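The values are calculated or read from the model by the stated rules, or taken from the named source; none is laboratory data. Only a predicted model underlies this, so the values are computations on that prediction, with no experimental measurement involved. Note: ideal-geometry Cβ built from the backbone for every residue, glycine included; neighbour counts use all protein chains shown. Note: areas computed on protein heavy atoms with side chains; ligands, DNA, RNA excluded. Shrake-Rupley method; radii C 1.70, N 1.55, O 1.52, S 1.80 Å.
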Amino acid sequence: MGVDLRQVVAGILTITMFVMLGNMIKRDHFDSVEEKLPGGGGNVNLDGSELEEHGLISHSKKSGGLSMEDGHYLKPCWDKPNLDDVESTEGFVTFSLTNGPEYHVSQIADAVVVARYLGATLVLPDIRGTNPGDERNFGDIYDVENFVKSLDGVVKVAKDQPSEISTRNIAVVKVPNRVTEDYIVEHVEPVYKQKGNIRLVTYFPSVNMRKSVKTSSTSSVACLAMFGSLQLQQEIQEVVDSMVERLRTLSRKSDGQFIAVDLRVDMLEKKGCHENGDTGRKTCYSAQELAEFLKKTGFNKDTPVYLTESRWQSSLDALKDLFPKTYTKESIMPADKKATFLDSEGSEYERVIDFYVCSQSDVFVPAISGLFYSNVVGKRIAAGRIQTLVPANIRGSSASASDFITPYVTKKNHLAYSCFC
């Protein structure tokens with residue numbers, strides 16, 4: 001019996017189509033499951049599309065994986081708002097930064113948007129960690145002068161808590177992340193007018209960081225606050241710079257690129273990383289799964305890998321077996337800085353360092369879904385670093401790394417694309 005060549009070709013194309021579709025489904029659903037967040041659950045929706053046709057991604061002949069051809073540097077699209085456009089009032093807006101740097105950028109944006117709309121003075125926040133009593137001044141982590149200067153002419157800023165604020169003339173007001181003007185008018189302004197001062201608490205109904213279809217009068221303010229106001233204080237910035245430089249030095253055999261992976265053992269244990277049998281989607285990936293993913297997408301074994309886990313644990317051995325140059329902060333941080341930033345009580349410094357190293361790495365791979373991933377991607381987009389790979393369990397022996405670029409980039413649907421163009 002003869003074989004119809006057309007049927008053979010059609011069969012091959014059909015199989016290829018289903019493999020590609022399977023990869024797209026897993027990537028799109030990496031963060032489409034609910035995650036417990038301070039103030040509410042959340043889901044990040046990922047939408048994918050091809051990027052190779054634009055010539056932004058290519059394979060490195062020497063190191064495998066992705067070559068460093070980002071080169072897609074964006075400029076701020078927003079115009080700096082003028083303080084004269086709002087009516088000044090006498091009250092204050094206070095707030096705290098909580099739960100780590102991935103939340104800080106969103107909390108800052110909401111506070112600035114609210115204070116400007118009300119014409120109020122924004123009080124420089126303190127920083128509170130996840131552990132009781134873990135409190136720091138804003139200047140312990142961020143550059144105070146840069147923050148004040150960046151908001152000059154946009155909103156009034158007080159560096160110290162005003163003496164006229166007391167429990168009798170201040171009210172706590174909760175606002176959703178990415179607060180809208182309508183919400184401020186209906187739920188915030190009446191309380192502010194009644195009390196004279198408010199303490200703002202941002203809650204997160206979701207960790208969705210997709211750009212909005214509609215722009216509003218607060219968009220420029222939010223963009224400036226989120227992407228233009230926070231800068232690390234000098235000592236922490238120097239620690240981040242030294243760690244990045246060391247990782248680049250270790251990556252000479254891999255074209256000078258290194259990978260940052262957000263993998264925290266405690267988070268993996270909490271999430272469980274179970275796969276949905278119907279869709280194959282997962283909310284997180286183990287060290288073993290990540291090692292296989294990086295290998296199958298073409299990264300050379302000599303490529304340095306930075307993990308956000310602070311100290312080595314045996315569960316990470318599977319990754320080091322395939323990628324010997326895998327490091328934690330403990331092995332990369334300058335020795336004279338460990339007492340301050342690694343061995344101190346609380347993990348606030350560690351999370352901040354992780355956030356900024358991941359933002360500056362050549363390739364970023366989130367093993368865990370959530371706001372850390374979403375806001376790191378935002379900073380990377382703003383800096384022209386599009387190489388963020390959403391992991392998946394690849395069934396075959398190999399796959400193109402560019403097939404796993406985050407849909408935040410391939411579809412340009414991240415909030416950052418509302419602020420940069």
Going through (1) modelled with pLDDT of 95 or more; (2) closer than 24 Å to E90 by Cβ one by one, S163 fails only at (1)
Of the numbered conditions (1) surrounded by 17 or more Cβ atoms within 10 Å (Cβ to Cβ); (2) under 17 Å from A291 (Cα atoms), Q313 satisfies every one except a single condition; which is it? (1)
Quick check: is even one residue across the stretch 394-408 within 13 Å of the chain's Cα centre (by Cα) and in contact (Cβ under 8 Å) with a residue 12 or more places away in the chain? yes
Out of (1) of a type in the set (D, E, K, R); (2) at pLDDT 95 or above; (3) more than 22 Å from F372 (Cα to Cα), what's the single condition that is false for E181? (2)
Cβ pairs under 7 Å, 6+ apart, first in the stretch 69-90 and open to solvent by less than 80 Å² (accessible area, probe 1.4 Å), second at pLDDT below 75: H72/L56
Quick check on I165: is it assigned to a loop (DSSP other than H, G, I, E, B), open to solvent by less than 60 Å² (accessible area, probe 1.4 Å) and more than 30 Å from I368 (Cα to Cα)? yes
Is there a residue in the stretch 138-152 that is open to solvent by 100 Å² or more (accessible area, probe 1.4 Å), in a loop (DSSP other than H, G, I, E, B) and touching a residue at least 40 places away in the same chain (Cβ under 8 Å)? no
Could you tell me which residue of the stretch 378-418 is farthest from L74 (Cα to Cα), considering only residues that are open to solvent by less than 10 Å² (accessible area, probe 1.4 Å) and in contact with a Pro (Cβ under 8 Å, 6 or more places away or on another chain)? P391
Need pairs with beta-carbon distance below 7 Å; first residue closer than 26 Å to C223 by Cα and touching a residue at least 12 places away in the same chain (Cβ under 8 Å) and within the stretch 154-182, second in a loop (DSSP other than H, G, I, E, B) and among the hydroxyl-bearing types (S, T, Y); sequence gap 6+ or separate chains. T180/S216; E181/S216; E181/S217; E181/T218
Report those helices (runs of 4 or more DSSP H) wholly inside the stretch 298-372 carrying at least 2 residues which are in contact with a strand residue (DSSP E or B) (Cβ under 7 Å, 6 or more places away or on another chain). 317-322, 348-360
Filter the stretch 192-225 down to residues that are within 22 Å of T94 (Cβ to Cβ), open to solvent by less than 40 Å² (accessible area, probe 1.4 Å) and touching a strand residue (DSSP E or B) at 6+ places or on another chain (Cβ under 9 Å), then give me how many there are. 8
